[in-house]
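Novice: The structure's right below; bear with me while I get my questions together.
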Amino acid sequence: MPKKLFPHRLSKAFAPGTLDRYLLAQLLPPFLIALSVVMIALLLERLLVLLNLLAAGNSHLGVFLELVATLMPHYLGLAIPAALCVSVFSVIRRMSQNEEIDAVNSIGISLPRIIRPYMQLGAALGLISFFLYGFLQPHARYEFRAVFYFASHTGWTPRLQSRMFASPSSDLTITADRVTQGGSELDNVFIRDLTDHYERDITARHGHIRMAPDGGTVQIDLEHGTIITDRPQDAPSITTFEHSTRFLTHASDISPFRQRGDDERELTSPELVSRIIAHNPAISRPHMRSEVHFRLARSLTVPFIPMLAAALAIARKRQRGNIGLPLAFLIMVGFDHILQFGHSLVATQKASVLAIWAPALIFILICSTLLLYQAGSLSTIRARLRRQPTPKPA
């Protein structure tokens, strides 16, 4: 019976009550909105760059969507802490302005108890972030590089210009008198094809270069043209056509992309640990060790973000302006940059792992101290210390 008593009390203490469910219901809409807005803001610049590159390379929409999907885990790991901070701040700020915080405090519920469900949610998001940093992002980073590699190698068409020769392969040469639409529309086309060990000279009035449906082949659609075929043992032949399709590059002509694991950021956390233990790792141990500690430090600081947001959201009576949210973002952005700087120092062996963990511990201490200050706990602790009588010397 006593063995079941402690787990029962523990589960009862952390079970969500009416207040916890109310607070979580208030948090969910602003969290989803903030997460969407931050994701769009982070992805917007990269999407514009990708659209320009893929449009110039004449790639189809499927390649763009695949690249966007591989970027999602990376930016989701950045957006979760920011969205958590904004949503907690907005809810606590509104409750403070409406004096709901005072009403709850008047019945003996402290500020740390109020934000307990947000800290529990932060712990859950910290586990999700650890899964993102340690498992999804390495695979997504490699997939992005692989897809971009094939897209950039098949999209050779922007190098095709008017009255200039281009060679998609060693057996193929193409030129046109006029090239428009970023290299996709051609007039007065000439192609010399030396595949199959004989020569084919093709002329056409118009041509249109595009990606084939398989996504790995570039083809040209020709209109109103002539094919002169010259075989070594036969007489030359001439064939006219109204419409013809020729393949300029094939997926088999492109060298395969490298294997995953040449970069420590492409390795999952278990793979990093196993390679650190290995005798002859392909990647230097300091880089892998720094990456492991960097991922752990970022994940462990996520549960403390609600403390920071709640402490800075509490406003004084009749106070209209509040710099709490900009201050919270300055603290979080500064912490992230300092953490990345420590990550680079550890990777280059210019500092120990304390360069990563010291900023993380300072961030945790700042969040906890600000919350205790707003809750009045620090004043209570100081008052109790003052009340303690000093021992008289014997």
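The values are calculated or read from the model by the stated rules, or taken from the named source; none is laboratory data. Please read all numbers here as calculations on a predicted model, not as lab measurements. A quick note on method: Cβ atoms are made from the backbone with ideal geometry, for glycine too, and the neighbour counts reach across all protein chains shown. Surface accessibility is based on the protein's heavy atoms, side chains included, excluding ligands, DNA and RNA. Shrake-Rupley method; radii C 1.70, N 1.55, O 1.52, S 1.80 Å.
Novice: Among the residues of the range 90-100, is any acidic (Asp, Glu), closer than 23 Å to Ala25 by Cα and at pLDDT below 95? Explain how you work it out, then say what you get.
Specialist: Kept after step one, since they are acidic (Asp, Glu), are these residues of the range 90-100: 99-100.
Still in the running and closer than 23 Å to Ala25 by Cα: 99-100.
Now restrict to residues that are at pLDDT below 95: 99-100.
For the range 90-100, residues acidic (Asp, Glu), closer than 23 Å to Ala25 by Cα and at pLDDT below 95: present.
Novice: If a residue has to be open to solvent by less than 50 Å² (accessible area, probe 1.4 Å) and either hydroxyl-bearing (Ser, Thr, Tyr) or closer than 11 Å to Val38 by Cβ (or both) to count, how many in the range 57-79 make the cut? Break it down stepwise before answering.
Specialist: Step one: filter the range 57-79 for residues open to solvent by less than 50 Å² (accessible area, probe 1.4 Å), giving 57-59, 62-64, 67-68, 70-71, 73, 75, 77, 79.
After this cut, where a residue has to be either hydroxyl-bearing (Ser, Thr, Tyr) or closer than 11 Å to Val38 by Cβ (or both) as well, the list is 59, 70, 75, 79.
Qualifying residue count for the region: 4.
Novice: Could you figure out which of (1) open to solvent by less than 20 Å² (accessible area, probe 1.4 Å); (2) in contact with an Asp or Glu (Cβ under 8 Å, 6 or more places away or on another chain) isn't true of Ala82?
Specialist: (2)
Novice: I'd like to check something: does the range 132-145 contain any residue that is closer than 30 Å to Thr18 by Cβ and either charged (D, E, K, R) or under 25 Å from the mean Cα position of the chain (by Cα) (or both)?
Specialist: Quick first cut of the range 132-145, residues closer than 30 Å to Thr18 by Cβ only: none.
The answer is no, given that none of the residues of the range 132-145 is closer than 30 Å to Thr18 by Cβ and either charged (D, E, K, R) or under 25 Å from the mean Cα position of the chain (by Cα) (or both).
Novice: One residue is enough: does the range 80-94 have a residue meeting the conditions closer than 20 Å to Phe144 by Cβ and under 17 Å from the mean Cα position of the chain (by Cα)? Write out each step before concluding.
Specialist: Of all residues in the range 80-94, those closer than 20 Å to Phe144 by Cβ come to 80.
Within this subset, residues satisfying the condition of being under 17 Å from the mean Cα position of the chain (by Cα) are 80.
Scanning the range 80-94 turns up at least one residue that is closer than 20 Å to Phe144 by Cβ and under 17 Å from the mean Cα position of the chain (by Cα).
Novice: Follow-up question, since we're still on this one. For the range 290-310, give me each residue that is buried (at least 24 other Cβ atoms within 10 Å of the Cβ), over 17 Å from the mean Cα position of the chain (by Cα) and within 24 Å of Glu271 (Cα to Cα).
Specialist: Result: Ser290, Thr301.
Novice: Can Met72 be described as more than 13 Å from the chain's Cα centre (by Cα) and either of a type in the set (A, V, I, L, M) or part of a helix (DSSP H, G or I) (or both)? If you could, list the steps in order and put the result at the bottom.
Specialist: Numbers: more than 13 Å from the chain's Cα centre (by Cα): no; either of a type in the set (A, V, I, L, M) or part of a helix (DSSP H, G or I) (or both): yes.
In short, no.
Novice: Additional query: Output yes when any residue across the range 361-372 is over 29 Å from Ser96 (Cα atoms) and loosely packed, with under 14 Cβ neighbours inside 10 Å, and no when none is. Steps first, answer last, please.
Specialist: Looking only at the range 361-372, we keep the residues that are over 29 Å from Ser96 (Cα atoms), and these are none.
Within the range 361-372 (the criterion being over 29 Å from Ser96 (Cα atoms) and loosely packed, with under 14 Cβ neighbours inside 10 Å), the answer is no, since none of the residues qualifies.
Novice: Out of the residues in the range 268-287 that are part of a helix (DSSP H, G or I), more than 21 Å from His139 (Cβ to Cβ) and without any contact (Cβ under 8 Å) to a residue 60 or more places away in the chain, state the one that is least open to solvent (accessible area, probe 1.4 Å). Walk me through how you get there before you give the answer.
Specialist: If we filter the range 268-287 for residues that are part of a helix (DSSP H, G or I), which is where we start, we get 269-277, 285-287.
Adding the requirement that they be more than 21 Å from His139 (Cβ to Cβ) leaves 277, 285-286.
Next cut, without any contact (Cβ under 8 Å) to a residue 60 or more places away in the chain only: 277, 285.
On the way: Ile277: 124, Arg285: 77 Å².
Per the stated criteria, the residue is Arg285.
Novice: Then there is this: When the residues of the range 99-155 are filtered to those that are open to solvent by 20 Å² or more (accessible area, probe 1.4 Å) and not in a helix (DSSP H, G or I), which remaining residue is farthest from Asp263 (Cα to Cα)?
Specialist: Ile107
Novice: Further, regarding this structure: Out of Gly261, Gly342, I need the residue that is in a helix (DSSP H, G or I), open to solvent by less than 50 Å² (accessible area, probe 1.4 Å) and among the small types (Gly, Ala, Ser). Which one?
Specialist: On the way: Gly261 fails: in a helix (DSSP H, G or I).
So the residue among Gly261, Gly342 that is in a helix (DSSP H, G or I), open to solvent by less than 50 Å² (accessible area, probe 1.4 Å) and among the small types (Gly, Ala, Ser) is Gly342.
Novice: Now, a different point. Working only within the range 174-196, note down all residues that are assigned to a strand (DSSP E or B), modelled with pLDDT under 85 and surrounded by fewer than 18 Cβ atoms within 10 Å (Cβ to Cβ).
Specialist: Thr180, Glu185
Novice: Can you spot a residue in the range 372-389 that is modelled with pLDDT of 85 or more, under 30 Å from Arg289 (Cα atoms) and out of contact with any strand residue (DSSP E or B) (no Cβ under 7 Å at 6 or more places or on another chain)? Let's see the steps before the verdict.
Specialist: Taking the range 372-389 and keeping what is modelled with pLDDT of 85 or more, we get 372-374.
This time we only want the ones that are under 30 Å from Arg289 (Cα atoms), so: none.
No: zero hits.
Novice: Scan the range 311-339 residue by residue and report those that are modelled with pLDDT under 85 and surrounded by fewer than 16 Cβ atoms within 10 Å (Cβ to Cβ).
Specialist: Once the filter is applied, which keeps residues that are modelled with pLDDT under 85 and surrounded by fewer than 16 Cβ atoms within 10 Å (Cβ to Cβ), the range 311-339 yields Arg316, Lys317, Arg318, Gln319, Arg320, Gly321, Ile323.
Novice: Give me the pairs, please: first residue somewhere in the range 330-355 and more than 25 Å from Ile283 (Cα to Cα), second residue anywhere and open to solvent by 50 Å² or more (accessible area, probe 1.4 Å), beta-carbon distance under 8 Å, and either six or more positions apart or on two chains.
Specialist: If the second residue must be open to solvent by 50 Å² or more (accessible area, probe 1.4 Å), the pairs left are Ile331/Ile366.
Novice: Something else now. How many residues are in contact (Cβ under 8 Å) with a residue 12 or more places away in the chain and closer than 15 Å to Ser87 by Cα when one looks only at the range 15-27?
Specialist: Result for the range 15-27: 4.
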